[in-house]
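Novice: Here it is, the structure in full.
Read-outs: derived from the displayed coordinates by stated rules, not from any lab. Since the structure is predicted, the reported quantities are computational estimates derived from the model, not experimental observations. Glycine gets a Cβ as well: all are built from the backbone with ideal geometry, and neighbour counts include every protein chain shown.
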Amino acid sequence: MKLRPVLLVLLILTCFYYLSTRLMPAGALAKMMHADVSDTHTAVLNGPLGNFGLTEAKAAPAFDSEEEQNIGVYKKAMPSVVNITSTQVAYDFFYRPVPQQGQGSGFVLDKDGHILTNNHVVDGAQQVEVTLWNGKKYKATIVGTDPSHDVALLQIHGATGLQPATLADSAGLLVGQRVYAIGNPFGFSGTMTRGIISALRAVQLPSGVKIDNAIQTDASVNPGNSGGPLLNSHGDVIGITTMIATNPNSNADQSAGIGFAIPIATAKAVLDDFARYGHARRPSLDIVTIPIGPDVAEQLGLPAMPGILVERVLPGGASQAAGIHGGTQRMYMGNEPVMLGGDLIVGFDGQEIASPQDLGNALNEHHPGDVVTVTVYRGRKEMTFKVTLTDAKVVDNSQST
């Protein structure tokens, strides 16, 4: 009985061999294995060096769904992306003016010619020139800048047929989402790269400015991408590409697979300030915070829940006036000294606050002078405070929220 399955397999193999070698015409099996052979033809080139046979496809293959999405994103977004050239005048040893140019990217906001980019792309520029996707060049004026968020608003005049970018909501972004970056890396205009959202984290720009909820991506970005759009899979802008992390073992300023973008929600808040006040105003609680997980919170005698611990309240600031407490006990987390014993912020105007990103998003929905409700735990006691947000420029809080 045990030999019956073995004999059956041998019989099947014998029949297959007989059919493929005796009954099928030569090459029939190969055609079955390579069904697409009919999609090609042979072209012969004749010349003094001999004859060359080339196997060519009869027609271009259809794009797969992933390729179609990539192409669709590029076609939708590319007409909105611009190249920006900023010119500064330096002086040589003999005090002769020497123009120096920098390259960056940006994107069109409206048909009136407003363009969004990074502040560092145009910082200190005496002249700014914008090149549209069709190659037309226009001189641009700087309408407003916000160094604290690395955002700048430009405007060009006389341009027709402008295609504004579509702005998405960046509040619900998730790690793993597919993203696309389009810009002018190393001067190669109209370059698109693809990746995912690698993390959502606070980062410090080379200028020392802290971005609380930056979008980290592995999409390849390089010098010249700054100010360009970071797009979702629908071709909508979710961020402004602003910085790359360079390889510490390389002297070249190029992509190491880690780039950062300012969330578009932050840029929208800056634009709202420009419209309301003519300049950027950054709402602040005037505190320095550290994120705390449930395990650490419980060790500190707090409820086992995520939140952000108030390490320090800034003198004369909004939180001190409201009665929120900072830390009183100096300790070390790893090698970093921190002040523990302060209030644990878990809520902001009814929104749950579990990370600095949550608080940054909540603040972006408000303006200086707004009165908000902040929920904290002091020890295991829940408390609420009415806080009047201040303008971040009033108090020196470059490391605060």
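Novice: Short version: ³J(HN,Hα) in whole Hz for each residue of region 374-383, in order, from phi by Karplus 6.51 cos²θ - 1.76 cosθ + 1.60 (θ = phi - 60°), x for Gly and Pro, what are they?
Specialist: Computed from phi, the couplings for region 374-383 are 10, 9, 9, 10, 10, x, 9, 9, 7, 9 Hz.
Novice: Once the piece of chain linking Gln351 and Gln88 is laid out straight, how much longer is it, given 0.36 nm per residue of separation minus the C-alpha distance between them?
Specialist: 90.2 nm
Novice: Right, something else. Using 26 Å as the Cα-Cα cut-off, could you pick out the over-long pairs in Lys75/Lys137; Lys111/Lys137; Lys75/Lys210; Lys76/Lys111; Lys75/Lys268?
Specialist: Long pairs (Cα-Cα over 26 Å): Lys75/Lys210.
Novice: Now, a different point. Fully extended, how many nm does the chain gain between Ser233 and Asn46 (0.36 nm per residue separation, minus their Cα-Cα distance)?
Specialist: On the way: separation 187, 0.36 × 187 = 67.32 nm, distance 4.73 nm.
Separation in residues times 0.36 nm, less the Cα-Cα distance, equals 62.6 nm.
Novice: Give the calculated FRET efficiency between Ile196 and Gln100 to the nearest 0.05, with a Förster radius of 56 Å applied to their Cβ-Cβ distance.
Specialist: Values: r = 36 Å, r/R0 = 0.64.
With R0 = 56 Å, the Cβ-Cβ based efficiency is 0.95.
Novice: Full-extension gain between Lys75 and Glu56, please, as 0.36 nm times their residue separation minus the C-alpha to C-alpha distance.
Specialist: Numbers: separation 19, 0.36 × 19 = 6.84 nm, distance 2.85 nm.
Extra length from Lys75 to Glu56 when fully extended: 4.0 nm.
Novice: Please give, to one decimal in nm, the separation of the simple spin-label points placed at Phe188 and Lys381, each 7 Å out from Cα toward the Cβ.
Specialist: With each label point 7 Å from Cα toward Cβ, the separation is 6.3 nm.
Novice: Using the beta-carbon distance between Leu11 and Glu66 and R0 = 60 Å, what value does 1/(1 + (r/R0)^6) give for FRET efficiency, to the nearest 0.05? Before the final figure, lay out the partial values.
Specialist: On the way: r = 44 Å, r/R0 = 0.74.
With R0 = 60 Å, the Cβ-Cβ based efficiency is 0.85.
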